[in-house]
Amino acid sequence: MATYLITGIAGFIGSSLARAALAQCDQVRGIDNFSTGKPANIAEILDDIDFREADVLDLDALQDACRGVDYVLHQAAIPSVPRSVAKPLESNRANVDGTVNVLVAARDQKVKRVVYAASSSAYGDTPTLPKHEGMIPNPISPYAVAKLASEYYMTSFYRCYGLETVSLRYFNIFGPRQDPSSPYSGVLAKFITQMLAGEQPTIFGDGKQSRDFTFIDNAVQANLLACKAPAASAAGRVFNVATGRRIDLNETFQTLKKLINYAGDVKYGPERSGDVKHSLADLSRAQESLGYNPTVDFEEGLRRTIEWYRRKEKAAET
Ligand code: UD1
């Protein structure tokens, strides 16, 4: 039985990881400051986890939380490209200083391995598709820079202190519990809930931008594998976590329209500053070194996500 510390445990990804670790009968400790995470995401599992309300900027709380832990899954972050464009200092504090604090505490408490939620945004507008980890990064937004800086810190802690680290570059993760309510929410959470409510979604730009949207179960699988993979093939390294297929936003809207049975149309707004045009992952490194293989494809992921929001809506009505 292993003990995990999940930072950002009340977030959509953190709370999914907690459920998966509990399902394996592992012990779960978690911290969250509820800046973007929601108490509702962990309400059902609160009795089964050791939860502490704390910020990743609080080094003492982290030292305490890392005591006796085998693996840290570091998910705490302030996400969103446009939010970082509006508030670069906030992004840097949470996404860079927060990560260095996690690494210092994990090193001091002799944690076995830290797995980090890195981001596909690090690739930026590199024209080559698919994006592979050997490419020189080209981040556009402050968010992308912060996520990339943290990756470098991860590798640096492996090289300088021998702390085993693995960075997983997430490609647009979506699924149940993703918060749809903020203007900075992920596009699929927004579109699905808007369309279920009969509201009209907005595509920023011409809708020809494409993403390698990745269902949450695939990201969970990658994290669990990253903890157990041999150090020789995983430690100090960076891996893409994606589906390996890209779809543009116009087509995404059409797919959702069919699945939801939505009668309306989409509207178009101005392109977003800092936006990446195309994103698609090469998965060979993750396959070879971690044994990662996405098990839920895009459409199946959408079906499950739509179903979850539908059930949530019904529960709220009764
Ligand atoms: C980026 C990262 C992603 C990371 C996320 C964290 C890339 C390629 N991806 O996602 O890995 O997890 O940040 O926040 O950099 N859009 C609309 N209408 C809306 C909302 C969004 O058209 O109402 C468009 C955006 O302009 C963008 C696309 O949908 O082109 C996806 O946006 P979003 O879901 O916010 O994620 P990224 O910024 O791609």
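The values are calculated or read from the model by the stated rules, or taken from the named source; none is laboratory data. Predicted model only: the values in this text are computed from it and were never measured. Here Cβ is always computed from backbone atoms with ideal geometry, including for glycine, and neighbour counts include all displayed protein chains. Accessible surface areas use protein heavy atoms only, side chains included; no ligands, DNA or RNA. Shrake-Rupley method; radii C 1.70, N 1.55, O 1.52, S 1.80 Å.
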All but one of (1) more than 18 Å from the chain's Cα centre (by Cα); (2) within 13 Å of the ligand (Cβ to nearest atom) hold for Ile136; state the number of the condition that does not hold. (2)
Confirm whether Thr99 is open to solvent by less than 30 Å² (accessible area, probe 1.4 Å) and touching a helix residue (DSSP H, G or I) at 6+ places or on another chain (Cβ under 8 Å). yes
Of everything in region 22-50, what is more than 25 Å from Ser182 (Cα to Cα), in contact (Cβ under 8 Å) with a residue 40 or more places away in the chain and among the hydrophobic types (A, V, I, L, M, F, W, C)? Give them in sequence order. Ile49
Going through region 108-131 one residue at a time, which ones are part of a helix (DSSP H, G or I) and buried (at least 17 other Cβ atoms within 10 Å of the Cβ)? Ser120, Ser121, Ala122, Tyr123
Sort out which residues of region 137-164 are surrounded by fewer than 23 Cβ atoms within 10 Å (Cβ to Cβ), among the hydrophobic types (A, V, I, L, M, F, W, C) and not in a helix (DSSP H, G or I), and write them in order of number. Ile140
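Results for (1) open to solvent by less than 10 Å² (accessible area, probe 1.4 Å); (2) touching a helix residue (DSSP H, G or I) at 6+ places or on another chain (Cβ under 7 Å), shown as yes or no for each residue.
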| residue | (1), (2) |
| --- | --- |
| Met1 | no, no |
| Ile9 | yes, yes |
| Ala20 | no, yes |
| Asn41 | no, yes |
| Ile49 | no, yes |
| Glu53 | no, no |
| Asp60 | no, no |
| His74 | yes, yes |
| Ser80 | no, yes |
Going through region 120-143 in order, the residues found to be among the small types (Gly, Ala, Ser) and more than 22 Å from Arg245 (Cβ to Cβ) are Ser141
Open to solvent by less than 10 Å² (accessible area, probe 1.4 Å), polar (S, T, N, Q) and in contact with a strand residue (DSSP E or B) (Cβ under 8 Å, 6 or more places away or on another chain), is that true of Ser167? yes
Looking at Ser210, Ser181, Ser150, Ser167, can you tell me which residue is free of Cβ contacts under 8 Å to residues at least 40 places away in the same chain, out of contact with any Pro (no Cβ under 8 Å at 6 or more places or on another chain) and either within 15 Å of the ligand (Cβ to nearest atom) or among the acidic types (Asp, Glu) (or both)? Ser181
